[in-house]
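Here is the structure we will look at, set down as structure tokens.
The values are calculated or read from the model by the stated rules, or taken from the named source; none is laboratory data. Only a predicted model underlies this, so the values are computations on that prediction, with no experimental measurement involved. Methodologically, a virtual Cβ is constructed for each residue, glycine included, from the backbone with ideal geometry; neighbour enumeration extends over all protein chains shown. Note: accessible area is taken over every heavy atom of the protein model, side chains too, but ligands, DNA and RNA are not part of it. Shrake-Rupley method; radii C 1.70, N 1.55, O 1.52, S 1.80 Å.
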Amino acid sequence: MADVVRFTKNSSATLKARKGFSLKDSDPDSTPGYDGDKNAGEELLADLDDNLAQLQEQLFAGSRFGSTRRILLILQAMDTAGKGGIVTHVMGSMNPQGVQLKSFKAPTPEEKSYDFLWRIEKEAPAAGMVGVFDRSHYEDVLIHRVHSWASPEELERRYTAINDFEARQTAAGTTIVKVMLNISRDEQKERLLARLDDPAKLWKYSSNDLKERAFWTDYMDAYQAAFDKTSSKAAPWHVVPANKKWYARVAVQQLLLEALEGLKLQWPVPDLDVGMERELVERS
């Protein structure tokens, strides 16, 4: 579709939480880098599905010939911000064999007996895979800071450990895309009410969401601290305005496309005589 409205700017550069970034000054209702409306955004999302699927397949194919490259999408957000919608509408165009999805819940007693990164390390994507963390190791510096479950000294240790972990991942061939879906407190209220009013969404509602909502300002401060402490050159944070679900989806799609395109992927060429193999197939 030649008339599809495209992003006017590089999404990674536009959405990156650079030094001096202030979450308080970020408008959750905005659509940075994109001038289209909802219909245009949904058209763009569909238009680029094939591009995303092909790049993912090239990434996967390359791993069969020795490439160690992989992608890790880290999704963090307040409840109802749309992480599930990102997985469905953005990752849905990819071949499920090449997607490694992990949704991190509260740690089990066994997981608590180890350092907080123990369970995370085990879920890092394999070569050729697009990994997705629905929540992640950042819960251990967000909720733990908000509820004072970890001391300031322990939080500092964790920020350092996270930076080390992500540096090891990038050194091993992982391109990390860190995304915070930024919704407003008022928008979350509307989405919680919508869950209560819709039988198809009621199962998503949890009274715990309401309890954590009471700590909204503390969570925003915790996110700001995470951006300040763990946004590195190799693994920068991107803050995606998410009051408009369609924009959040197309923005994350753009971030993934840019990450994959940056790998300069090509179809691998097997070491074989195609002519001879064709002859053998024809004779079979």
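Looking only at Gln188, Gln100, Gln266, which one moves most when the chain is put into a Gaussian network model with springs between Cα atoms under 10 Å?
Top of the fluctuation ranking is Gln266.
To the nearest 20 Debye, how big is the dipole of segment 6-134 about its Cα centre, given +1 on the beta carbon of each Lys and Arg and -1 on that of each Asp and Glu?
On the way: 16 positive and 18 negative charges, 122 e Å.
About 580 debye.
Of all the accessible heavy-atom surface of the chain, with the other protein chains kept in place and a 1.4 Å probe, what percent is carbon and sulfur? Spell out each step's value before the answer.
Numbers: 7350 of 14660 Å².
That fraction is 50 percent.
If one takes the longest principal axis of the Cα atoms in the chain, at what angle in degrees, from 0 to 90 and to the nearest 10, does the Cα axis of helix 216-230 lie?
Orientation of helix 216-230: about 50 degrees from the principal axis.
So for the pair His147, Asp228, with labels modelled 7 Å out along Cα→Cβ, what separation do we get in nm?
Each label point is offset 7 Å from its Cα along the Cβ direction, giving 2.4 nm.
Which residue fluctuates most in the GNM of the chain (Cα springs below 10 Å): Gly41, Gly66, Gly98?
Ranking Gly41, Gly66, Gly98 by mean-square fluctuation puts Gly66 first.
Under a Cβ-Cβ cut-off of 14 Å, what is the net charge of the residues other than Asp49 that fall near it, where Lys and Arg count +1 and Asp and Glu count -1? Let's see the in-between values first.
Working: positive: Arg249; negative: Glu42, Glu43, Asp47, Asp50, Glu57.
Neighbour charge sum, excluding Asp49 itself: -4.
Per DSSP helix of 4 or more residues, -39500 (n - 2.57); summed, then divided by the residues of the chain. What does that give at 222 nm, rounded to the nearest 500?
Numbers: 13 runs with 135 residues, N = 284.
So the calculated ellipticity at 222 nm is -14000 deg cm²/dmol.
Mind checking the per residue accessible area of segment 137-178 for me, 1.4 Å probe, whole number of Å²? Kindly include the intermediate steps, with their values, before the conclusion.
Numbers: 1810 Å² over 42 residues.
Here the per-residue accessible area is 43 Å².
Name the most mobile residue of Leu181, Leu196, Leu265, meaning the one with the largest mean-square fluctuation, in a Gaussian network model of the chain with Cα contacts below 10 Å.
Fluctuation is largest for Leu196.
Determine the per residue accessible area of segment 1-102 with all protein chains present and a 1.4 angstrom probe, expressed in square angstrom.
Working: 5220 Å² over 102 residues.
Heavy-atom SASA per residue in segment 1-102 reads 51 Å².
Provide the packing ranking of 72-79, 137-144, 245-252, i.e. peptides ordered by the mean count of other C-beta atoms within 10 Å per residue, highest first.
Descending packing order for the listed peptides: 245-252, 72-79, 137-144.
Between 0 and 90 degrees, rounded to the nearest ten: what's the tilt of helix 38-47 against the longest Cα principal axis of the chain?
Computed tilt is about 30 degrees.
Treating only the Cβ of Lys, Arg, Asp and Glu as charged (+1, +1, -1, -1), what charge dipole size does the chain show about its Cα centre? Round to the nearest 20 debye.
Details: 38 positive and 43 negative charges, 108 e Å.
Here the size comes out at about 520 debye.
Relative contact order (percent) for segment 95-237, with alpha-carbon contacts under 8 angstrom and 6 or more residues of separation?
Relative contact order comes out at 26 percent.
If r is the Cβ-Cβ distance from Lys9 to Asn51 and R0 is 22 Å, what FRET efficiency results, to the nearest 0.05? Let's see the in-between values first.
On the way: r = 18 Å, r/R0 = 0.83.
For R0 = 22 Å, the calculated efficiency reads 0.75.
Can you tell me, using C-alpha contacts under 8 Å and at least 6 residues apart, the relative contact order of segment 20-169 as a whole percent? Provide the component values of the computation, followed by the final result.
On the way: 128 pairs, mean separation 41.2, N = 150.
For segment 20-169, the relative contact order is 27 percent.
Given Cα pairs under 8 Å that are at least 6 residues apart, what percent is the relative contact order of the chain?
Numbers: 388 pairs, mean separation 89.9, N = 284.
Contact order relative to length: 32 percent.
Please work out the FRET efficiency for the pair Val269 and Ala172, using the Cβ-Cβ distance as r and a Förster radius of 22 Å; give the result to the nearest 0.05.
Working: r = 24 Å, r/R0 = 1.11.
Result of the calculation: an efficiency of 0.35.
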